[in-house]
Ligand code: HEC
Ligand code: HEC
Ligand code: HEC
Ligand code: HEC
Ligand code: HEC
Ligand code: HEC
Ligand code: HEC
């Protein structure tokens with residue numbers, strides 16, 4: 001073979017090889033896009049082709065929307081108001097300002113601008129609260145003001161000081177583990193004894209997607225594409241194959257409290273895994289579970305959970321649907337197990353009469369202030385409580401008294 005022909009073949013095969021490698025990155029042989037999490041994961045967009053109803057309803061849930069880059073559209077309407085001032089004290093304020101390239105939190109001290117950062121990432125689906133992160137190199141930091149839907153206004157981010165503005169609280173990968181589906185991180189040495197986490201911006205999968213809960217599904221998709229007549233689920237852990245504890249763990253991986261120290265990333269958790277192996281056994285779990293973010297521990301302390309065979313989170317929540325937040329619908333779930341007929345109905349029923357309908361939650365899962373989270377409003381000194389429904393279903397005498405007087409007042413005014 002002549003030298004030039006050999007060179008030609010080498011060049012052509014080089015080009016073909018590169019092209020093949022390039023194409024295999026864009027789409028695998030079944031036309032699917034690769035997933036950032038690796039080969040075990042299917043292209044998320046394929047789920048919709050076989051699970052259309054679930055996919056269509058799921059995109060409206062708080063899980064799906066729980067984090068994302070800020071586009072303006074995912075911000076609460078009022079938070080987009082131009083040049084809103086938040087007063088810390090006579091000298092100090094933050095202005096939320098809309099500039100050409102985005103929305104900024106700008107701090108002013110004694111009439112001078114001292115710091116300004118763009119809101120890049122939103123955490124929180126806008127159900128109760130939203131907090132914001134900004135990029136600095138490959139790190140993310142939390143901004144001093146958050147938006148609280150319950151008051152429809154800005155407040156100081158939970159845990160932030162109320163006398164100085166603070167822009168330097170790092171948002172760690174653990175936030176993304178519960179508020180997102182994937183992130184590639186690395187550690188950089190920042191001092192002789194300290195390291196910081198850095199993130200690869202383009203590796204982030206925002207929001208909670210199907211495979212975050214159900215685990216990697218590439219084989220499942222492959223099998224069902226090739227075997228369209230098979231109607232039972234293959235190569236995916238089915239919910240009904242799990243015991244009660246493992247079912248709850250599917251939720252507890254994020255709803256088991258965020259004060260635990262993880263030993264390995266919970267992004268790797270899939271249904272059926274032993275959850276304890278993700279945590280440092282000598283850390284956390286010492287404090288009382290909080291109503292914020294620890295529904296799993298509280299529910300598991302309830303007699304309803306302990307003494308029934310099949311009560312799990314999905315008894316009351318359909319995670320593929322947007323929550324209705326309707327106490328009447330919620331109370332209906334209690335009646336599946338508690339009826340006069342089965343002699344385990346509410347002892348207060350005779351006294352309450354018709355007034356009991358739709359009020360089970362008010363007395364037995366009352367809204368309580370979080371111990372971990374509270375917030376400060378503009379120009380106010382007091383902390384405002386952050387209320388959540390306790391998942392320890394029980395008898396609460398104090399709340400009962402309040403609800404009773406409420407009911408009696410309504411009766412009187414009738
Ligand atoms: C080619 C069709 C097909 C595709 C694509 C597909 N599935 Fe499925 N899947 C099925 C079939 C068939 C079943 C069994 C019937 C059912 O439960 O709907 C099933 C069942 C399931 C189940 C039920 C497990 C249980 O508890 O019963 C889950 C979870 C699931 N799929 C997740 C996914 C996810 C996540 C994706 C996308 C990554 C996906 N599927 C893509 C066909 C498909
Ligand atoms: C990957 C982490 C993760 C998993 C797994 C998870 N959740 Fe959540 N969940 C969250 C986060 C984060 C929020 C807060 C969403 C928001 O408002 O931004 C949330 C919110 C909720 C809400 C309130 C929704 C609303 O509209 O107010 C319910 C109810 C809930 N989760 C139930 C469940 C149940 C049941 C499971 C298990 C089947 C589960 N979650 C699994 C992270 C998770
Ligand atoms: C927050 C966790 C979570 C997310 C996110 C999630 N699922 Fe589920 N999924 C569950 C749980 C829990 C069950 C079992 C529900 C039950 O049987 O009560 C389930 C059941 C299913 C089933 C079988 C039962 C049924 O209703 O047909 C399918 C199929 C399914 N999921 C597909 C999906 C798809 C597709 C997505 C994304 C669009 C998705 N899931 C997102 C937790 C989740
Ligand atoms: C162990 C999981 C976990 C970790 C870690 C975590 N969160 Fe959450 N977060 C949740 C859950 C679950 C909720 C919903 C809580 C509830 O309603 O009880 C939530 C709620 C929120 C909300 C309010 C959203 C709403 O509308 O209810 C914001 C904002 C938020 N988290 C931001 C953060 C930030 C920022 C970090 C990191 C500093 C973080 N979270 C770390 C699980 C977690
Ligand atoms: C899956 C069935 C189931 C569901 C759903 C359920 N419970 Fe229960 N509940 C039980 C069982 C079982 C017990 C224990 C009864 C016993 O020990 O005799 C119980 C006990 C209780 C108790 C007594 C608690 C105590 O500490 O003494 C109250 C109050 C209660 N349930 C209220 C509710 C309310 C309110 C709801 C709805 C939010 C609810 N339950 C939903 C099964 C259930
Ligand atoms: C017996 C019924 C029941 C069970 C079981 C249950 N929840 Fe709830 N959950 C409720 C009710 C009622 C609310 C308040 C609903 C509302 O505001 O619409 C609620 C609210 C929530 C919220 C929003 C926070 C709040 O306080 O408004 C989260 C998050 C949540 N549940 C997660 C879970 C998780 C995770 C599990 C399993 C460990 C679970 N729930 C089991 C009834 C239940
Ligand atoms: C005004 C508050 C209030 C409301 C509303 C209420 N309960 Fe109760 N419930 C109580 C109190 C207080 C007790 C304890 C009474 C006692 O032991 O004498 C109780 C007891 C119970 C018990 C335990 C019964 C037993 O066998 O010991 C159950 C189960 C229960 N309630 C379920 C419900 C359900 C379901 C609803 C909604 C249909 C409901 N409750 C509405 C206050 C309330």
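Conditions: (1) touching a helix residue (DSSP H, G or I) at 6+ places or on another chain (Cβ under 8 Å); (2) modelled with pLDDT of 95 or more; (3) under 22 Å from residue 315 (Cα atoms). Residue 238 meets all but one. Number of the miss?
(1)
Out of curiosity, is residue 333 within 11 Å of ligand 7 (Cβ to nearest atom), surrounded by fewer than 16 Cβ atoms within 10 Å (Cβ to Cβ) and free of Cβ contacts under 8 Å to residues at least 12 places away in the same chain?
Considered against the rule, which asks whether it is within 11 Å of ligand 7 (Cβ to nearest atom), surrounded by fewer than 16 Cβ atoms within 10 Å (Cβ to Cβ) and free of Cβ contacts under 8 Å to residues at least 12 places away in the same chain, residue 333 comes out as no.
Each row is one residue, and each column tells you yes or no for (1) in a strand (DSSP E or B); (2) in the same structural domain as residue 386 (by TED's automatic domain parsing); (3) surrounded by 13 or more Cβ atoms within 10 Å (Cβ to Cβ); (4) in contact with a strand residue (DSSP E or B) (Cβ under 8 Å, 6 or more places away or on another chain).
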position: 48; (1), (2), (3), (4): no, no, yes, no
position: 64; (1), (2), (3), (4): no, no, yes, no
position: 71; (1), (2), (3), (4): no, no, no, no
position: 86; (1), (2), (3), (4): yes, no, yes, yes
position: 89; (1), (2), (3), (4): no, no, no, no
position: 93; (1), (2), (3), (4): yes, no, yes, yes
position: 127; (1), (2), (3), (4): no, no, yes, no
position: 131; (1), (2), (3), (4): yes, no, yes, yes
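Out of 221, 230, 248, report the one residue that is away from ligand 5 (no atom under 16 Å from the Cβ), touching a residue at least 12 places away in the same chain (Cβ under 8 Å) and touching a helix residue (DSSP H, G or I) at 6+ places or on another chain (Cβ under 9 Å).
221
Could you check, for region 346-359, whether at least one of its residues is within 9 Å of ligand 6 (Cβ to nearest atom), in a helix (DSSP H, G or I) and at pLDDT below 90?
No: region 346-359 contains no residue that is within 9 Å of ligand 6 (Cβ to nearest atom), in a helix (DSSP H, G or I) and at pLDDT below 90.
For the structure I just gave you, tell me whether residue 97 is free of Cβ contacts under 8 Å to residues at least 40 places away in the same chain, part of a strand (DSSP E or B) and exposed (fewer than 14 other Cβ atoms within 10 Å of the Cβ).
So residue 97 does not fit the description; no.
Taking the criterion of being within 24 Å of residue 175 (Cα to Cα), in contact (Cβ under 8 Å) with a residue 40 or more places away in the chain and away from ligand 2 (no atom under 16 Å from the Cβ), would at least one residue in region 76-90 satisfy it?
no
Could you tell me whether residue 147 is part of a strand (DSSP E or B), in contact with a helix residue (DSSP H, G or I) (Cβ under 6 Å, 6 or more places away or on another chain) and surrounded by 14 or more Cβ atoms within 10 Å (Cβ to Cβ)?
yes
Let me confirm something: among 304, 363, 316, which residue is more than 8 Å from ligand 6 (Cβ to nearest atom) and in contact with a helix residue (DSSP H, G or I) (Cβ under 9 Å, 6 or more places away or on another chain)?
363
How many of the residues in region 382-403 are without any contact (Cβ under 8 Å) to a residue 40 or more places away in the chain and out of contact with any strand residue (DSSP E or B) (no Cβ under 6 Å at 6 or more places or on another chain)?
8
Can you confirm whether residue 141 is in contact with a strand residue (DSSP E or B) (Cβ under 9 Å, 6 or more places away or on another chain), without any contact (Cβ under 8 Å) to a residue 60 or more places away in the chain and in a strand (DSSP E or B)?
yes
Please indicate, with yes or no, whether at least one residue in region 361-381 is part of a helix (DSSP H, G or I) and over 17 Å from residue 330 (Cα atoms).
Among the residues of region 361-381, not one is part of a helix (DSSP H, G or I) and over 17 Å from residue 330 (Cα atoms), which makes the answer no.
The values are calculated or read from the model by the stated rules, or taken from the named source; none is laboratory data. Computed from a prediction, not measured in an experiment: that's the story for all the values here. Note that each Cβ is placed from the backbone with ideal geometry, even for glycine, and that neighbours are counted across all protein chains shown.
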